[in-house]
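The values are calculated or read from the model by the stated rules, or taken from the named source; none is laboratory data. Keep in mind it's a predicted model, so treat the numbers as computed, not measured. When we count neighbours, we look across all protein chains shown, and the Cβ atoms used for this are built from the backbone with ideal geometry, even at glycine. Just the protein is used for accessible areas: all its heavy atoms, side chains included, with ligands, DNA and RNA removed. Shrake-Rupley method; radii C 1.70, N 1.55, O 1.52, S 1.80 Å.
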Amino acid sequence: MAGCYRGGPISAEPRINDRIRVPEVRLVGPSGEQVGIVPLAKALELAQEYDLDLVEVAATARPPVCKLMDYGKFKYESAMKAREARKNQAHTVIKEMKLRPKIDPHDYDTKKGHVVRFLKMGDKVKITIMFRGREQSRPELGYRLLQRLAEDVQDLGFIESNPKQDGRNMIMVLGPHKKKTEAMAEAREAQAARKAQRLGRPAEGDAADGEAAEDAAPAEVAAEGDQQ
């Protein structure tokens, strides 16, 4: 069948040792030193002498570049670095909090608390004021409420997107002063401190567990806020 590839799946792994099929290679030594262009047989012989692998690191070069290394150790270290990078990768999340223009003081304080937690975690917060009925003729109520909220949390965040009308809603976006990576690092440190305290003081274990549960609560409460 024309155009059909019969060689099996293409591997992302570099060619090593006997899988390298070229007459000569540009060889790099174990410490990164340039050995030069040598016949493949000589490169394989050196790999055996050093008890290392001959690894093709630049297949498209002419001749291909190969390096002497412990390939098993190299793969392990690369996997650990990739795992650590994923662990520390920061994904900025946009949380949403919905308010009514005539929100009562208690509800305002509750929702402001959620906004504070989101900003502390390095997340952006989209604040939506929902107008109903005659409230739509009083956009200044929503604007003043958004400005008040921005001022109340100015130590933690700033107005990234100014209030603007969107149909029956008015929207403003708050950005955190703290970067997501910093917030994640601080959260890990706090978690480690709580764990150490719990292990050091068994009698206070329940209290420490309560704190951990409280830290996990904002996401659940935010979902309730979105439904109001």
Next item on the list: State yes or no: is TYR71 farther than 30 Å from LEU156 by Cα, free of Cβ contacts under 8 Å to residues at least 24 places away in the same chain and among the aromatic types (Phe, Trp, Tyr)?
Entry: no
Notebook entry, point to check: Hey, among the residues in the range 97-118 that are among the β-branched types (Val, Ile, Thr) and within 12 Å of PRO176 (Cα to Cα), which one's least open to solvent (accessible area, probe 1.4 Å)?
Noted result: VAL115
Item checked: Residue match in the range 75-96 (condition: open to solvent by less than 40 Å² (accessible area, probe 1.4 Å) and part of a strand (DSSP E or B)) -> no
Check: Counting only residues that are within 20 Å of PRO139 (Cα to Cα), surrounded by 12 or more Cβ atoms within 10 Å (Cβ to Cβ) and charged (D, E, K, R), how many does the range 165-200 have?
Finding: 1
Margin query: Being modelled with pLDDT under 95, outside any helix (DSSP H, G or I) and farther than 30 Å from LEU145 by Cβ is the requirement here; does ALA12 meet it?
Written below: yes
Next item on the list: Residue by residue through the range 119-157, note down the ones that are closer than 24 Å to MET184 by Cβ, assigned to a helix (DSSP H, G or I) and open to solvent by 10 Å² or more (accessible area, probe 1.4 Å).
Entry: LYS120
Note to self: For the range 27-56: of the residues being in contact with a Gly (Cβ under 9 Å, 6 or more places away or on another chain) and of a type outside the set (Phe, Trp, Tyr), which is least open to solvent (accessible area, probe 1.4 Å)?
What the structure shows: LEU27
